[in-house]
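Colleague: One structure follows; several queries about it will come next.
The values are calculated or read from the model by the stated rules, or taken from the named source; none is laboratory data. Only a predicted model underlies this, so the values are computations on that prediction, with no experimental measurement involved. Every residue, glycine as well, gets a Cβ built from its backbone with ideal geometry; the counts of neighbours run over all protein chains shown.
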Amino acid sequence: MKLKGEAFMEASQELEKSATNYALEAVRLDKQGAKGMAITMYQKAIETLLKLVQLYPEYSLNKVYIQRAIAYQERIKVLQGAVGPTEPQAEPKAV
């Protein structure tokens, strides 16, 4: 029979591992230029990190999880800015 603390550690480690895998995949896709897929993976990482924080509000690493989630959200914003149609650059005027 597992103790309550052991079950917590196991469940939190599983979620942590999932979040890490999503983030690693997001970074890999990001580097390859697969922006849409990278955004999806960053979002999954964020959701998993926030689920950890929600399920285990007293967990000592929550501050780190929140910081990572914010960093991933910032990266999503950058990628979303790069995903949209590009504006044609104005031709420089000859003087």
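Colleague: For the condition in a helix (DSSP H, G or I), out of contact with any Phe, Trp or Tyr (no Cβ under 6 Å at 6 or more places or on another chain) and modelled with pLDDT under 95, what is the one hit in 81, 36?
Modeller: Of the residues listed, the single one that is in a helix (DSSP H, G or I), out of contact with any Phe, Trp or Tyr (no Cβ under 6 Å at 6 or more places or on another chain) and modelled with pLDDT under 95 is 81.
Colleague: Sort out which residues of the stretch 16-33 are in a helix (DSSP H, G or I) and more than 22 Å from residue 63 (Cβ to Cβ), and write them in order of number.
Modeller: Residues satisfying the conditions are 25, 28, 29, 30, 31, 32.
Colleague: Which of the following residues is crowded, with 17+ Cβ neighbours inside 10 Å, without any contact (Cβ under 8 Å) to a residue 24 or more places away in the chain and not basic (Lys, Arg): 58, 74, 25?
Modeller: Every option except 25 fails the conditions.
Colleague: Of the residues 29, 49, which single one is under 11 Å from the mean Cα position of the chain (by Cα) and of a type in the set (A, V, I, L, M, F, W, C)?
Modeller: 49
Colleague: Quick check: anything in the stretch 6-20 among the aromatic types (Phe, Trp, Tyr), modelled with pLDDT of 95 or more and surrounded by 12 or more Cβ atoms within 10 Å (Cβ to Cβ)?
Modeller: Checked against the condition, which is being among the aromatic types (Phe, Trp, Tyr), modelled with pLDDT of 95 or more and surrounded by 12 or more Cβ atoms within 10 Å (Cβ to Cβ), the stretch 6-20 yields no hits at all.
Colleague: Tell me which residues, restricted to the stretch 51-78, are acidic (Asp, Glu) and modelled with pLDDT under 95.
Modeller: Hit for the stretch 51-78 is 58, nothing else.
Colleague: In this structure, is residue 47 part of a helix (DSSP H, G or I) and either out of contact with any Cys (no Cβ under 8 Å at 6 or more places or on another chain) or crowded, with 16+ Cβ neighbours inside 10 Å (or both)?
Modeller: yes
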